[in-house]
Amino acid sequence: MPRRHMHMTGADGAALTAALRDLRTKLDVPGDFPPEVLAEAERAAKAPRPPGPALDATDIPLFTIDPPASVDLDQAMHLARRPGGGFRVHYAIADVAAFVTPGGALDAEAHRRVTTLYFPDGKVPLHPRVLSEGAASLLPDQDRPALLWRLDLDAAGRVVSTDVRRALVRSRAKLHYEGVQQAIDDGTAEESLALLKDVGTLREDLETERGGISLNVPEQEIVERDGSYTLAYRAPLPADGWNAQISLMTGMAAADLMLASGTGILRTLPTAPDGAVGRLRRTAQALHIDWPHHVPYAQLVRSLDPRRPAHAAFLQECTALLRGAGYTAFTGGEVPSPALHAAVAAPYAHCTAPLRRLVDRYTGELCVAAVAGEDPPEWAVAALATLPEEMADGTRLANAVERGSVDLVEAALLKDRVGETFEGTVIDVKDREPTVGTVHLADPAVVGRIESPAAPLPLGSRLRVRLVTADPGTAGVVFTVA
C-alpha cells in the first residue's frame with residue numbers, strides 16, 4: 001500500500017516539475033507509448049463495434065463518482081430498493097477487453113506497464129488516453145461497453161445474489177465526492193444517490209462485524225497560500241468510504257465467483273504479526289488515543305477522526321499493518337493459500353479498475369465466464385501463470401513513485417525553510433535506535449525523519465523540531481529536536 005496519497009492543487013513551479021521529471025527517469029518510468037501501440041489504440045477506438053452484447057442496459061441511469069478532473073472513469077453505479085426489502089446495486093465496469101486484442105501491441109504494452117502511475121503533477125497511464133480517457137471510459141452521455149454487475153442485497157446489506165455480464169451502458173452524470181456529500185447531507189440527492197449512504201453504511205457495519213478494516217488516511221495536498229506553496233491534509237469524506245464499500249463488495253463477489261469456478265486470481269494480505277499490533281498499541285497510547293484491550297483494532301480505526309492531528313498520525317502508522325499484500329492465482333479447482341485478504345477479512349479480488357490496473361481485465365473475464373457457466377478464455381487462463389509476478393513488480397514501482405514523490409515534494413517545498421522550527425508529534429521510534437524516529441507535523445502537512453543525538457525520542461510527545469535537511473536530491477526531509 002502506498003505510504004500516503006498526494007496530489008497537486010495549482011502548484012506548477014518549474015523547479016518542482018523538473019525534479020519530478022528527474023524522478024521519472026531515476027525510476028525508469030515508462031515514457032510515451034510506442035507508435036505501434038498508439039496506432040492500435042486509435043484503430044480500436046474508431047473501429048465499428050462488433051454486434052453488441054445481448055444486454056442493452058442503457059436505460060439504467062448510472063452515475064460515476066470521481067475527483068472533478070478525472071476522465072478515466074472505470075465505474076458507474078445505480079442503487080435502488082428491491083420490492084419486499086433490500087437493495088439492488090448495478091455496478092458497471094469499463095470493458096477494456098472489448099478494445100484490447102490478446103497478444104497484440106496494446107496488450108503487450110499493458111503487461112509492460114501493469115498499472116497507472118500517479119505523480120503529484122500528473123499520471124503515466126496504463127493505456128493510451130484515446131482509450132483510457134476516451135472510447136473505453138464511462139464518460140457521461142456516451143454508450144459504452146461494460147461488464148455490468150448486478151448485486152442483490154438483503155435489508156442488512158448482505159449480498160444474496162450476484163450476476164455479471166457484458167452490456168451496453170450509458171452514464172447519466174459525472175459526480176464528485178464533495179458534491180455527493182453535500183447533496184446527501186442537505187437532502188437534495190435523488191434516491192439512487194441517497195441510497196449510497198444507506199448501502200455504504202450497512203456495508204461498513206458488516207465490515208466491522210467480520211473484522212475488516214478501511215483506513216481513512218488523510219491525503220496530502222500541495223496548496224497555494226500567500227503567494228507560495230505549502231502542504232496540507234485533506235480528510236476523506238464519508239462519501240469516499242461509502243463509494244469504496246461498493247467497490248469492496250464487488251471485489252468480494254468476484255473472489256467468490258472465481259473460487260466457486262476453480263480458476264482465478266485473488267488479492268491477498270497476510271495477517272499482521274502480533275508485534276506489529278503491539279507496536280500500534282504503544283503508538284496509540286503515546287498519542288493519547290484510548291484503545292481498551294477489549295476493543296478490536298477494526299472498531300478502534302472506525303472511531304477515529306482523520307481531521308484530528310493525533311488521529312491522522314495514528315492512521316498513517318496503521319498502514320504498516322497492510323504491508324505484504326500480493327496476488328495469488330489458481331486453476332484446477334484448488335483452493336489457493338493464502339486465500340484471504342486480512343484487511344477485508346474475506347476473499348477479495350481486484351476487478352473494478354481495468355483502465356488503471358492490468359489484473360482487473362483478467363478478473364472480469366473470469367467472472368463473466370463463471371456466471372455464464374462457460375470455460376474462461378484461454379488467453380485469460382494462460383496469463384495467470386505470470387500475472388502475480390507482473391502485478392508485484394508493478395506495485396513495487398507504484399509504491400516507489402509514491403514514496404519518491406512525497407519525499408521530493410516535501411523537500412522541494414521546505415528547502416528554503418532549513419533552520420526553522422515547527423510543532424510536531426513523534427509517532428514512531430526505532431526499537432534498536434531510539435534516537436531515530438518519525439515526526440508528524442500538522443502544518444505544513446509533513447511526515448519526516450527525526451534524529452535526537454542527545455537522548456531517546458519521546459514517543460507520542462508534542463515537541464518543537466528544527467528542520468536540518470530539505471534537499472530534493474536526497475531521501476527527504478530530516479528534523480532534529482529543537
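The values are calculated or read from the model by the stated rules, or taken from the named source; none is laboratory data. Quick caveat, the model's predicted, so the values are computed rather than measured. Please note: Cβ atoms are built from the backbone with ideal geometry, for glycine as well, and neighbour counts cover all protein chains shown. Surface accessibility is based on the protein's heavy atoms, side chains included, excluding ligands, DNA and RNA. Shrake-Rupley method; radii C 1.70, N 1.55, O 1.52, S 1.80 Å.
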* To do: Filter the range 336-372 down to residues that are out of contact with any helix residue (DSSP H, G or I) (no Cβ under 9 Å at 6 or more places or on another chain) and in a loop (DSSP other than H, G, I, E, B) and give me whichever is nearest to Leu321 (Cα to Cα).
  => Leu340
* To do: Tell me which residues, restricted to the range 421-454, are more than 22 Å from Gly278 (Cβ to Cβ) and open to solvent by 30 Å² or more (accessible area, probe 1.4 Å).
  => Thr421, Glu423, Ala442, Asp443, Arg449, Glu451, Pro453, Ala454
* Asked: What is the number of the single condition among (1) closer than 27 Å to Ala98 by Cα; (2) in a helix (DSSP H, G or I) that Pro376 does not meet?
  -> (2)
* To do: Answer with yes or no whether Ala382 is under 30 Å from Ala260 (Cβ atoms), open to solvent by 40 Å² or more (accessible area, probe 1.4 Å) and in a helix (DSSP H, G or I).
  => yes
* Could you please let me know if Ala400 is surrounded by fewer than 18 Cβ atoms within 10 Å (Cβ to Cβ) and within 20 Å of the chain's Cα centre (by Cα)? => yes
* To do: Spot the failing condition for Ala412; the list is (1) open to solvent by 40 Å² or more (accessible area, probe 1.4 Å); (2) out of contact with any Lys or Arg (no Cβ under 8 Å at 6 or more places or on another chain); (3) within 26 Å of Thr17 (Cα to Cα); (4) of a type outside the set (Lys, Arg), and only one is missed.
  => (1)
* To do: Have a look at Ala455, Ala412, Ala445, Ala470 and point out the one that is small (Gly, Ala, Ser) and touching a Phe, Trp or Tyr at 6+ places or on another chain (Cβ under 7 Å).
  => Ala445
* **Test: Ala310 is among the small types (Gly, Ala, Ser), within 30 Å of Gly437 (Cα to Cα) and out of contact with any strand residue (DSSP E or B) (no Cβ under 9 Å at 6 or more places or on another chain)** => no
* Structure fact -> When restricted to Pro61, Pro35, Pro2, the only residue surrounded by fewer than 20 Cβ atoms within 10 Å (Cβ to Cβ) and modelled with pLDDT under 95 is Pro2
* Candidate set from the range 179-201 (those that are of a type outside the set (Val, Ile, Thr), free of Cβ contacts under 8 Å to residues at least 60 places away in the same chain and open to solvent by 40 Å² or more (accessible area, probe 1.4 Å)); member that is farthest from Ala260 (Cα to Cα) -> Asp186
* To do: Please go through the range 147-177 and pick out each residue that is small (Gly, Ala, Ser) and farther than 24 Å from Gly241 by Cβ.
  => Ser161, Ala167
* Within the range 158-198, how many residues are within 23 Å of Gly364 (Cα to Cα) and not charged (D, E, K, R)? -> 9
* Asked: Looking only at the range 455-465, which residues are at pLDDT 85 or above and open to solvent by 40 Å² or more (accessible area, probe 1.4 Å)?
  -> Ala455, Pro456, Arg464
* Answer yes or no as to whether Val114 is touching a Gly at 6+ places or on another chain (Cβ under 7 Å) and modelled with pLDDT of 95 or more. => yes
* Has the range 210-233 got at least one residue that is under 30 Å from Leu322 (Cα atoms), modelled with pLDDT of 95 or more and polar (S, T, N, Q)? -> no
* **Selected residue (only one of Asp274, Asp256 is of a type in the set (D, E, K, R) and touching a residue at least 12 places away in the same chain (Cβ under 8 Å))** => Asp256
* Identify the single condition in (1) open to solvent by less than 40 Å² (accessible area, probe 1.4 Å); (2) part of a loop (DSSP other than H, G, I, E, B); (3) at pLDDT 95 or above that Ser70 does not satisfy, given that it satisfies every other one. => (3)
* Asked: Looking at (1) closer than 24 Å to Thr58 by Cα; (2) within 19 Å of the chain's Cα centre (by Cα); (3) surrounded by fewer than 21 Cβ atoms within 10 Å (Cβ to Cβ), can you tell me which one Thr116 breaks?
  -> (1)
* To do: Looking only at the range 85-95, decide whether some residue is crowded, with 18+ Cβ neighbours inside 10 Å, in a helix (DSSP H, G or I) and touching a residue at least 12 places away in the same chain (Cβ under 8 Å).
  => no
* Asked: Where in the range 220-335 are the helices (runs of 4 or more DSSP H), entirely inside, with at least 3 residues that are open to solvent by less than 20 Å² (accessible area, probe 1.4 Å) and in contact with a helix residue (DSSP H, G or I) (Cβ under 7 Å, 6 or more places away or on another chain)?
  -> 238-261, 274-286
* Does Gly122 qualify as being open to solvent by 10 Å² or more (accessible area, probe 1.4 Å), modelled with pLDDT under 95 and not charged (D, E, K, R)? -> yes
* Within the set of pairs 6 or more residues apart or between chains, which connect a residue that is acidic (Asp, Glu) inside the range 29-41 to a residue that is surrounded by 20 or more Cβ atoms within 10 Å (Cβ to Cβ) with Cβ atoms less than 8 Å apart? -> Glu40/Leu106
* Structure fact -> Scanning the range 205-219 for residues that are in a loop (DSSP other than H, G, I, E, B) and touching a Gly at 6+ places or on another chain (Cβ under 7 Å), the one farthest from Pro270 (Cα to Cα) turns out to be Asn216
